[in-house]
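Below: one structure, written as structure tokens.
The values are calculated or read from the model by the stated rules, or taken from the named source; none is laboratory data. Treat the numbers as computed from the prediction; the structure is a model and nothing was measured. Virtual Cβ from ideal backbone geometry, glycine too; neighbours counted across all protein chains shown. Only protein heavy atoms, including side chains, enter the accessible area calculation; ligands, DNA and RNA are left aside. Shrake-Rupley method; radii C 1.70, N 1.55, O 1.52, S 1.80 Å.
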Amino acid sequence: MADDPSDPASAPLLRTRSSSTLAASSPASSISDASPTPSQRRAAVALRTLAFVSAIIGALGAGSITVYSLYGHLFQSRLRYTQFQINGIASTMNVAMYIPVPLIGYMCDRFGPGLLSLMSAVLLGSGYTLAAILYRKGIQEAQHVAVGENTTFAPMLVAFVAIGIGTACLYLGSVTTCAKNFGKGRYRGLMLVAPIASFGLSGMVISQVASRLLYEVEPDGSKGDVNVFHFFVFLAVVLAIVGFVGAFTLRIVDEDELIDEAVEELERSGLLDSSEVFGRRPERSYGTVIEAGVSDNEDNDPDLLDPSKDDEVDKSWRLKKAWLLNAETRRYLADPTMWFFTLSFWLTIGPGESFINNLGTIIGTLTTPNIYSNPPTAATHVSIFATVSTVARLAVASLSDLLSPTPESRHVQAGDPYSPPVLRQRLEVSRVVLFVVSALIYSIGPLVLASGAVQEHADRFWIVSGLIGAGYGAVFSLTPIIITLIWGVENFGTNFGIIAVTPAIASVIWGTLYAAVYQAGTHNNSASFQGEVADDVFCYGKQCYAPTFWAMTVSIWIGICMILWAWKGKNGWSSRGIVI
């Protein structure tokens with residue numbers, strides 16, 4: 001009978017026949033699975049675990065890009081690059097890493113993270129190999145050319161473009177894998193942040209490996225700066241291997257169920273038009289095809305054994321997936337609060353990007369050569385920044401899971417501004433509040449540096465590195481968590497990619513501003529430095545950085561105002577009943 005709800009033919013057009021099994025997943029565990037048998041459940045858990053481990057390793061490898069300050073200053077002293085050229089390389093690398101992220105996220109959502117990992121193996125391996133060759137050539141060339149007149153700079157930009165794009169592929173593939181595989185459960189925020197924290201931790205790990213194993217030997221036998229040529233070769237080999245392995249291990253488990261759940265959820269909430277007709281996706285197990293609710297006659301139907309029928313089903317499902325993801329992308333771009341949130345992220349994250357890229361030269365400005373002969377090393381403060389940032393990422397993700405309200409679904413929130421208030425059983429703190437507190441802590445770092453409190457007191461610089469690292473890490477962790485909670489996980493790569501473009505713009509702006517202030521400061525250096533800055537390459541004193549970091553402080557405060565408006569402003573998340 002057509003009206004019989006048990007009849008599969010009477011199901012909604014956008015719902016699969018297996019939808020009754022989709023709600024069986026237990027939300028109590030991050031790695032729970034809706035597979036119908038214990039063996040299939042164990043297989044799903046094993047695949048998710050393997051993908052998770054691979055994502056962590058991939059994120060650790062991608063984080064190698066954060067140690068630019070470990071060798072950036074050596075481009076100045078060994079290759080005779082100007083500060084503008086050094087910031088040009090850093091800005092180009094960041095632009096290459098962030099600008100293509102929407103396209104990379106689009107590819108990840110449609111074709112899977114394995115393809116991105118393979119692309120990263122090629123790009124990172126070739127990029128760092130080219131950089132190593134150019135660095136060795138540049139050292140020989142620097143002995144015969146004036147400052148800024150070299151032939152290695154332009155091809156070095158090409159090398160770091162490849163490095164930036166490769167890093168984006170590996171990082172986004174790792175984060176998206178965890179976001180989609182662990183979108184359910186109480187601790188989904190922590191599982192999502194795990195690769196993000198690994199990305200931050202990578203800076204500490206790699207900088208210590210470089211400074212302890214890949215160092216130059218001074219004439220007196222002591223350890224010197226990192227051996228940049230050996231370091232680049234090391235990264236080229238390791239990251240090529242990591243990317244190639246990830247091509248086979250990074251995968252989304254039960255993606256068909258994820259898409260089917262999203263279609264059913266959005267249809268029920270009225271966000272999708274159920275007049276659109278899609279082929280129904282049969283429930284797939286590992287190595288078999290099972291369709292719930294079929295009759296014995298259907299089981300004996302020889303057409304079910306026809307490979308062309310299965311191809312038609314797969315094609316129909318792929319069309320449904322593409323339609324769903326495109327519809328969610330349009331809805332995402334049409335949400336005004338997303339643009340306020342994007343502006344907030346841009347204004348807040350930019351100072352941290354510039355700080356980590358210029359950390360080495362900032363340290364060099366804090367002490368004059370004739371007053372303090374043993375300043376702290378860039379490797380030390382890269383490690384401080386990375387360690388504090390990693391701890392902050394994990395801490396804020398844990399607080400988000402434990403203290404903040406969590407929606408029942410892992411898909412787009414429709415919101416209900418007229419829903420009755422829920423009786424709270426425990427203290428709840430909105431993730432926006434966690435974001436604002438993190439950003440305020442973040443802003444204290446550039447404020448302290450701009451005030452001049454660290455000038456001629458380089459031993460206090462850990463305060464700046466620690467505060468900026470903590471705030472930067474926390475903001476970078478909360479941003480993807482907020483995206484998944486409001487706009488769902490099925491289109492996460494595209495959604496996060498759109499917002500992640502903004503640090504590229506911020507990096508260029510802040511890098512250019514810092515370089516201009518630094519370069520202007522070199523002309524104001526006192527002649528009493530006994531010729532050490534006669535070539536106008538190095539700058540010493542507060543005038544080298546203070547204006548830039550005052551502007552950074554104000555930028556972060558404006559960013560705080562933007563996210564507060566997205567939350568509490570007109571048609572904001574709060575007024576729409578969005579659980580955040």
Expressed in angstrom, Rg and Dmax over the Cα atoms of the range 123-259 are 19.3, 64
Using a 1.4 Å probe on the protein heavy atoms, what percent of the accessible area of the range 140-212 belongs to carbon and sulfur?
67 percent
Could you give the accessible area per residue of the range 36-156, probe 1.4 Å, as a whole number in Å²?
38 Å²
Rounded to the nearest 0.05, what FRET efficiency is calculated for Lys315 and Leu440 with R0 set to 35 Å and r the Cβ-Cβ distance?
0.10
For Cα pairs less than 8 Å apart in space and 6+ apart in sequence, what is the mean separation divided by the residue count of the range 131-244, i.e. the relative contact order in percent?
25 percent
Taking alpha-carbon centroids only, the range 328-346 lies from the range 467-512 a number of Å equal to 12 Å
Each label sits 7 Å from Cα toward the beta-carbon; between Thr380 and Ile558 the label points are separated, in nm, by 3.6 nm
Hey, can you find the accessible area per residue of the range 209-252 for me, probe 1.4 Å, expressed in square angstrom?
55 Å²
If you stretched the chain out fully between Val237 and Arg576, how much longer would it get, using 0.36 nm times the residue separation minus the C-alpha to C-alpha distance?
117.0 nm
Phe84-Leu103 pseudo-label distance in nm [points 7 Å out on the Cα-to-Cβ vector]
2.9 nm
